[in-house]
1. Treat each spin label as a single point 7 Å out from the Cα along the C-beta direction, and report the SER108 to ASP85 distance in nm.
2. At 1.4 Å probe size, with the rest of the protein present, what percent of the exposed accessible area of the stretch 53-102 is carbon and sulfur atoms?
Amino acid sequence: MVRAVSAAAGIALIGVAIAGCGHAGRPAAAPTTTSAGPIAPSPNTVGLCGALSDSDVAQATGVQGLQRVAVNPFSCSWQPDGGGDYTVIFHWFRGAGLDARRDQITDSTPATVTVGGRSGLMWTSAQSCEVGVPFGGTDFIDWSIKANTAENSRPQPCSALQQLAAETLTKAGQG
């Protein structure tokens, strides 16, 4: 037991001695701080939910009372208070070109549209509309609105989604 205490005391003294040697005869250096400045938005980054607010989406689509019901860095969906008849969805597809999406939509044939000076695709049916636009190198953004029941038709023309896509591109510095 005495040996263990002596060993611990010896180790502590060595630590103090070494620590004391670091600044012997020299004043301690002042701590330095650096500032990287503000981080500029990347032209290949989309803000959360397409960088648009609930009211932006409601105003463009004409669906009142829209609230976000699902949010993650790559996808968001909105529905009116209490569920409602419509769902508006934003997706940011990373590493997948828009041409791959062309064959995934089966309820209509895509039409070519221009959004924010870019050639994109639009699909329309009685219950839904979807607009996809290239973003960055191999990504694309996608806005859609879908009626949640067969009795409902989509509430706005697809031009509302083109407007949302254009606003997303602009806020990401690509419009």
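1. Modelled inter-label distance: 1.7 nm.
2. Working: 1160 of 2500 Å².
C and S fraction of accessible area: 47 percent.
The values are calculated or read from the model by the stated rules, or taken from the named source; none is laboratory data. What you see is a predicted model, and the numbers here were worked out from it, not measured in a lab. All Cβ positions, glycine included, derive from the backbone under ideal geometry; neighbour counts span all protein chains shown. Just the protein is used for accessible areas: all its heavy atoms, side chains included, with ligands, DNA and RNA removed. Shrake-Rupley method; radii C 1.70, N 1.55, O 1.52, S 1.80 Å.
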